[in-house]
Amino acid sequence: MKMQILIRANASSRLGIGHMMRCITLALSIRDNIPADIRFVCNADIPQALAEDICCRGFSLSCLSGTDEEPLEMDRDAQETAAVGGEQCDWLIVDHYGLDARWEQLLRPYVRNILVIDDLANRPHDCDVLLDQNLYPDMDKRYIGLLPEHALQLLGPEFALLRNDFFRLSEKVVARTQCQCILVNFGGSDPTNELGKMLPVVESEIGKQFHFIVVAGPANSRVPELRAAFSPFDHVTFYENCSNMAELLASVDLAIGAGGISMWERCYMGVPSVIITVAENQKATVVEAAKRGLAWYMGASGEVRTEQVTDILEKLLNKPELLAEQSRAVLALTETQRRSGRHPILSILKGEL
């Protein structure tokens, strides 16, 4: 008998697609390892390309009547979500900053177990499992008083939700020793146009010493102008909506990007990072990662100057040992997950732990 799983997450051009993408990643891992029917529930204004991607992967998708800009009241959201779930679900998975214990309690009669994916630790949850894949100095204390006593907490980058293609490339992961090829990617929608802001870096004399792989995500509304801006350069390869990020990371020596799950993907593949945060909730984790030698943090979007990025590139060009040191550090951080070959949440969902 198949396990029944309901996933509640939002995505939009304003919000970005990060919440939905990590839920898709989890759904694919579940389906590869557990017989399951998986249904997604989201906002009405989900980007069309993302909605089509979910359906093309063989999952069902139901949109609530509310949008990202005009969300439903919490009880109405719960009512519509429960209607999609139908019969008793084995697991409800929720990844949504606007939902908390009140919403989860309304869904309790319709589900056997609740898994919450969160990283804010700013509201109570009524859940059985809490997954926070980020890095903080006080990780074990952040959710005190916010969860039921029985809730299992999965905390830290060792629980990062990585796609199966990352696990399949584990044997190809090596420490970087010199910087020649740089990946530039700022997520699925890049609402602050960080890719466009990297154009002066690419054009600079320092930038011309490297090959850049520039990747625009599936919800990026500026793809035509970005393609036109980057295509004239011989030392740039431009991609849009690529599905082989793990392979791209395996081929580069450094990445320039944002925080979030993409930071942990880079760590898993041994790729050092130059990071510009594009959301306030990314900052604490990135600052902590930088303190531990896992990234170079340039600052928040809108505050970073071109010279800051070119300066770090010049430093890495002249002192490749700095690149090698960080590459070894990020590989050590993710060694446990690389050895296991799959996410531990799968054993929990199957009732093995």
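Readers should treat all values here as calculations from the given coordinates under stated rules, not as data from a laboratory. Because the structure is a prediction, the values reported are computed rather than measured. Cβ atoms come from the backbone with ideal geometry, glycine included; neighbour counts cover every protein chain shown.
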Taking the square root of 5λ for each eigenvalue of the C-alpha gyration tensor of the chain, the equivalent ellipsoid has semi-axes, largest first and in whole angstrom, of 35, 22, 18
Around V252 (Cβ within 15 Å, Cβ-to-Cβ, excluding V252; K/R +1, D/E -1) the net charge comes to 0
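Is there a quick way to get the dipole size of the chain? I mean about its Cα centre, with the Cβ of Lys and Arg at +1 and of Asp and Glu at -1; what is the value in debye to the nearest 20?
Charge dipole, the chain, about its Cα centre: 800 debye, nearest 20.
What GluC sites (Glu not before Pro) in the stretch 183-256 are in a loop by DSSP, with at most 15 other Cβ atoms within 10 Å of the Cβ? The partial results should precede the final answer.
On the way: sites: E194, E203, E205, E225, E240, E247; in loops: E205.
Here the GluC sites (Glu not before Pro) that fit, given the DSSP loop and packing criteria, are E205.
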Taking a ≥ b ≥ c as the square roots of the eigenvalues of the Cα gyration tensor, with a/c under 1.5 meaning rounded and otherwise prolate when a/b exceeds b/c and oblate if not, the stretch 166-333 is rounded
Ordered by fewest other Cβ atoms within 10 Å, a rough proxy for footprinting exposure, C127, C242 read C242, C127
Looking only at aspartates and glutamates whose Cα falls under 17 Å of K172's and that sit 8 or more positions away or on another chain, we get E247, D253, E265, E335
Residue separation between S221 and A83 times 0.36 nm, minus their alpha-carbon distance, gives in nm 46.4 nm
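Within 10 Å of each residue's Cβ, count the other Cβ atoms and sort H235, H19 from fewest upward. Don't skip to the answer; put the middle values down first.
Values: H235 13, H19 21.
Lowest count first: H235, H19.
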The rounded separation in angstrom of the Cα centers of the stretch 274-318 and the stretch 37-57 is 32
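When a/c reaches 1.5 or more, the comparison of a/b and b/c decides; with that in mind, is the stretch 11-132 rounded, prolate or oblate per its Cα gyration tensor?
Cα axes put the stretch 11-132 in the rounded bin.
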As straight-line cross-link partners of K283, the qualifying lysines (C-alpha separation under 22 Å, not fewer than 8 residues apart within one chain) are K141, K197, K291
Note, I38: beta-carbon cut-off 10 Å, +1 each Lys/Arg, -1 each Asp/Glu, net +3
Quick note on H125, H150, ordering by fewest other C-beta atoms within 10 Å, gives H150, H125
Looking only at lysines whose Cα falls under 25 Å of K2's and that sit 8 or more positions away or on another chain, we get K350
